[in-house]
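**Student:** Below you'll find the structure I mean.
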Amino acid sequence: MRPPDASGDALGALAKVCGDVRPGEPEEGVLGVEPAAVAAPATVGEAAEVMRVAAEHGLAVVPRGGETRLDWGTPPRRCDLIVDTRRLDRLVEHAAGDLVATAQAGLPLERLGAELAGEGQRLALDAPLPGSTVGGTIATGASGPLRTLYGTPRNLVIGLTIVRADGQVAKSGGKVVKNVAGYDLGRLFCGSYGTLGLIVEATFRLHPTPTGRAYVARPVDGPEEAHEAVQAVLHSPVVPSAVEYLSPGVVAVLLEGVPDGVGARAQQTVELLGREAQVSEDAPDGWGRYPDGTVLLDVAAPPPALRDLLAALPATGTAVTWNGDGHGYVGLSLGDSPVGVPSGTVADVVADVRDALARHKGGAVVRYAPEDVRGAVDVWGPVPALRLMRRVKDQFDPDHRLSPGRFTGGI
């Protein structure tokens, strides 16, 4: 590996292949690591040339989309070049008859949704943070309540175009029959945090937009009641699109389909949950959003783990969302007041949560936290597949220049 060169020579070389290149600014730092330069390619070809020049100059590259989750993960060891994808913002193709769409990485999910809606279709991914882009959503593996029925980006991405660390464009899935080097890039890159390559385009499986929708919500008192309500819905024939537990104590169910069918299923759900359940056209407070807090934990385990998760949390200073798919978030509000979690105890709270979820073969990741807290906890927790992940990293990025240190195990 040649030594890094983030000097004027590198800027000049980047400017020859990309129309938007400039020095980085302090406020653009990724978790405090300031970039030496920023390049914003407008085409896949430009993106490939930027990555090729970065390889020639030994630059450490960090991709950036809408910056909605740039504070997730751990700080990069180096950030010589940010590749900003927001000029790659086109809907490349919408094959409505096949329920398939291809979009560039910098396209915000809201704009993608608006374009698909004209054909009565949607990408069944929630956007908890406005401005989230296609590429950033895939790179962080982010999803919301709809994952109960439709899954995560791993389930909805059927094709991916990426630029490798050396500047070569690679494709897999979608209309390409053979995967690159035997890899399913769509699954591999979901949740990879920019450590394997630059996502430039994605092809998605779409679904028809439902014409009917109803929410059924019921207040619950304590972990046992929350557990029973969620399990009652999951083991019923009402086929919810989403089931969410929302702090401080509500179980909410989203039902979608044709209006008459939704109405009948809503009444079935009320019978399941009891007389306190209410039907509404509007989502309950907190639906589809990350819980408030200075620290955000991403928690995952089989759905029955909800009871143990809630029991493991402090009585104050915490907020929870938990999906019927067994995935959720815990927000910790830090502070020394009676309604906050002292920052010095965050490591203990994280350990308690991980112990509770480990009984169900689950785990917890710290998505964001203040710098002092991040330095005091194991952000990623145990990762059984770490050795395999390192081998994959070595194959895709042998010089370890792509988002170095952003992912688990220092990958």
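The values are calculated or read from the model by the stated rules, or taken from the named source; none is laboratory data. Treat the numbers as computed from the prediction; the structure is a model and nothing was measured. No Cβ is skipped: glycine too gets one built from the backbone with ideal geometry, and neighbour counts run over all protein chains shown. Quick note on the areas: whole protein, heavy atoms, side chains included, nothing else; ligands and nucleic acids left out. Shrake-Rupley method; radii C 1.70, N 1.55, O 1.52, S 1.80 Å.
**Student:** Express in nm, to one decimal, how much length is gained between D355 and D399 on full extension, taking 0.36 nm for each residue of separation and deducting their alpha carbon distance. Intermediate results must be reported in sequence, preceding the final value.
**Tutor:** Values: separation 44, 0.36 × 44 = 15.84 nm, distance 3.60 nm.
In short, 12.2 nm is gained.
**Student:** When a/c reaches 1.5 or more, the comparison of a/b and b/c decides; with that in mind, is segment 51-98 rounded, prolate or oblate per its Cα gyration tensor? Let's see the in-between values first.
**Tutor:** Values: a/c = 3.27, a/b = 1.70, b/c = 1.92.
The shape class here is oblate.
**Student:** Once both labels are modelled 7 Å past Cα along the beta-carbon direction, what's the A117-L99 spacing in nm?
**Tutor:** That separation, rounded to one decimal, is 2.1 nm.
**Student:** Relative to the first principal axis of the alpha-carbon coordinates of the chain, what is the inclination of helix 346-358, with its axis defined by its Cα atoms, in degrees from 0 to 90 and to the nearest 10?
**Tutor:** The two axes meet at around 70 degrees.
**Student:** Summing +1 for each Lys or Arg and -1 for each Asp or Glu, what net charge is found among the other residues whose Cβ lies under 14 Å from the Cβ of V392?
**Tutor:** +3
**Student:** How are the Cα pair distances of the chain distributed, in percent, across 10 Å bins from 0?
**Tutor:** Percent of Cα pairs in each bin: 5, 22, 29, 26, 14, 4, 1, 0.
**Student:** In bins 5 Å wide, starting from 0, what share of all Cα pairs of segment 119-231 does each bin hold, as a percent?
**Tutor:** Calculated P(r), rounded to whole percents: 2, 10, 18, 19, 15, 11, 9, 6, 5, 3, 1, 0.
**Student:** Moving on. As I understand it, the value is the acute angle between the Cα axis of helix 386-396 and the longest principal axis of the Cα atoms of the chain; what does it come to in degrees, rounded to 10?
**Tutor:** Once rounded, the angle reads 40 degrees.
**Student:** How many nm is it between the label spots at V33 and A15, if each spot is 7 Å from the Cα in line with the beta carbon?
**Tutor:** 2.6
**Student:** In Å², what does the accessible area per residue of the chain work out to with a 1.4 Å probe? Walk me through the numbers before you get to the answer.
**Tutor:** Details: 17210 Å² over 411 residues.
Here the per-residue accessible area is 42 Å².
**Student:** Which shape class, rounded, prolate or oblate, goes with segment 214-255 when its Cα gyration tensor gives a ≥ b ≥ c as root eigenvalues, a/c under 1.5 marks rounded, and past that a/b bigger than b/c marks prolate?
**Tutor:** Working: a/c = 2.60, a/b = 1.44, b/c = 1.81.
Oblate shape, in that a/c is at least 1.5 and b/c is the bigger or equal ratio.
**Student:** How much of the accessible area of the chain, probe 1.4 Å, is carbon plus sulfur, in whole percent? The partial results should precede the final answer.
**Tutor:** On the way: 8790 of 17210 Å².
Here carbon and sulfur together make up 51 percent of the probe-accessible area.
**Student:** Which shape class applies to segment 293-411: rounded if a/c is under 1.5, otherwise prolate when a/b exceeds b/c and oblate if not, where a ≥ b ≥ c are the square roots of the Cα gyration tensor eigenvalues?
**Tutor:** On the way: a/c = 2.63, a/b = 1.51, b/c = 1.75.
In terms of gyration-tensor shape, oblate.
**Student:** What distance in nm lies between label points placed 7 Å from Cα along the C-beta direction at E228 and D285?
**Tutor:** Going by the 7 Å Cα→Cβ label model, 2.6 nm.
**Student:** Select from P153, T209, G186 the residue farthest towards the positive end of the dipole of segment 147-270; place +1 on Cβ of Lys and Arg, -1 on Cβ of Asp and Glu, and compute about the Cα centre.
**Tutor:** Selected residue: G186.
**Student:** Excluding residues fewer than 8 places away in the same chain, name every one of the aspartates and glutamates whose C-alpha is closer than 18 Å to that of K16.
**Tutor:** Excluding near neighbours in sequence, the set is D5, E46, E49, E56, D80, D84, D166.
**Student:** For Q267 and V339 in the same chain, what is the full-extension length gain: residue separation times 0.36 nm, less their Cα-Cα distance, in nm? Could you put the intermediate results ahead of the total?
**Tutor:** Numbers: separation 72, 0.36 × 72 = 25.92 nm, distance 3.78 nm.
Stretched fully, the Q267-V339 segment lengthens by 22.1 nm.
**Student:** With only Lys, Arg, Asp and Glu charged, each at its Cβ (+1 for the first two, -1 for the last two), find how big the charge dipole of the chain is about the Cα centre; round to the nearest 20 debye. Intermediate results must be reported in sequence, preceding the final value.
**Tutor:** Working: 38 positive and 50 negative charges, 283 e Å.
It works out to roughly 1360 debye.
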